[in-house]
Amino acid sequence: MMSADPTATDRYDPTTALVVVDVQNDFADPEGGLSVTGGDEVVPVVNREIAAARAAGALVVYTQDWHPPETPHFAKDGGVWPVHCVRDTWGAELHPDLEVVDGAPIVRKGVDGEDGYSGFSVRDPVSGEESATELGRHLAQAGTRRVVVVGLAGDVCVKATALDARELGYEVVLPEAATRMVELEPGDGEAALQELRAAGVEVQPA
Ligand code: VGL
Ligand code: ZN
């Protein structure tokens, strides 16, 4: 066991990238369309990670779930989720209190009606066809070796992004205080943490 949770500052160096997943109104605001319990509480925690990453010269990248008004991703169109993060709406905007680093890449996913769980790839919910987003290229260009994943939701997009990062060969760290679980089914959150640990993600307890 690690003796103590490293401080945010210790997590970053120039070969580490911070990926801020979907800190958007629909997930983070209690009035949001797919509100995650406690989602607003992660905003100040994520902001501290962003400040530490910047101070250490680490890349900061944001993802943004960005759906058309109709998509088989939504329950009303045959999928599983309530309507959320419809492009160009309040719900899709990054949370107003989130620090957005000038010039930092913002990777949008789900743009053409795909499921976009991982920040690295999108998947056509009908054909299953997958395609890459720009996230992998941004990390490669920065010489990234380690990825710190934070944001929402821990058992959906944060999980998918962290697992893909492991598959791509990165060391991956998930500070638990910087995420919350949506739990479409009870128990999804704990199952996600187990899956992440089994894949070699360093889950750092809050
Ligand atoms: C997400 C459900 C559907 C997420 C996105 O960002 O975790 N969850 N779309
Ligand atoms: Zn979505």
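Test Ala55 against the criterion of being more than 15 Å from ligand 2 (Cβ to nearest atom), at pLDDT 95 or above, over 22 Å from Ala162 (Cα atoms) and more than 19 Å from the chain's Cα centre (by Cα), and give yes or no.
Considered against the rule, which asks whether it is more than 15 Å from ligand 2 (Cβ to nearest atom), at pLDDT 95 or above, over 22 Å from Ala162 (Cα atoms) and more than 19 Å from the chain's Cα centre (by Cα), Ala55 comes out as yes.
For Val45, are the conditions met, namely being among the β-branched types (Val, Ile, Thr) and within 16 Å of ligand 2 (Cβ to nearest atom)? Quick ask: steps written out before the conclusion?
On the way: among the β-branched types (Val, Ile, Thr): yes; within 16 Å of ligand 2 (Cβ to nearest atom): no.
Judged against the criteria, Val45 is not a match.
Hey, could you check segment 81-90 for residues that are buried (at least 17 other Cβ atoms within 10 Å of the Cβ) and under 18 Å from the mean Cα position of the chain (by Cα) and say which is farthest from Asn47 (Cα to Cα)?
Looking at residues that are buried (at least 17 other Cβ atoms within 10 Å of the Cβ) and under 18 Å from the mean Cα position of the chain (by Cα), I get Trp81.
What residue, of Asp112, Asp88, is within 15 Å of ligand 1 (Cβ to nearest atom), part of a loop (DSSP other than H, G, I, E, B) and over 22 Å from Ala8 (Cβ atoms)?
Answer to the check: Asp112.
Give me a count of the residues in segment 59-80 that are touching a Phe, Trp or Tyr at 6+ places or on another chain (Cβ under 9 Å), crowded, with 18+ Cβ neighbours inside 10 Å and free of Cβ contacts under 8 Å to residues at least 60 places away in the same chain.
Looking only at that region, the number is 3.
Select from segment 114-136 the residues that are within 11 Å of ligand 2 (Cβ to nearest atom) and either surrounded by fewer than 18 Cβ atoms within 10 Å (Cβ to Cβ) or more than 11 Å from the chain's Cα centre (by Cα) (or both) and list them in ascending order.
Those that are within 11 Å of ligand 2 (Cβ to nearest atom) and either surrounded by fewer than 18 Cβ atoms within 10 Å (Cβ to Cβ) or more than 11 Å from the chain's Cα centre (by Cα) (or both): Glu114, Asp115, Val122, Pro125.
Can Val80 be described as within 13 Å of ligand 1 (Cβ to nearest atom), of a type in the set (A, V, I, L, M, F, W, C) and modelled with pLDDT under 95?
Details: within 13 Å of ligand 1 (Cβ to nearest atom): yes; of a type in the set (A, V, I, L, M, F, W, C): yes; modelled with pLDDT under 95: yes.
Here the answer is yes, as Val80 does meet what is asked.
Within segment 91-109, can you find the residues that are under 15 Å from the mean Cα position of the chain (by Cα) and within 15 Å of ligand 1 (Cβ to nearest atom)?
The answer is Ala92, Glu93, Leu94, His95, Leu98, Ile106, Val107, Arg108, Lys109.
The values are calculated or read from the model by the stated rules, or taken from the named source; none is laboratory data. Since the structure is predicted, the reported quantities are computational estimates derived from the model, not experimental observations. Heads up, the Cβs are rebuilt from the backbone with ideal geometry, glycines too, and the neighbour counts pull from every protein chain shown.
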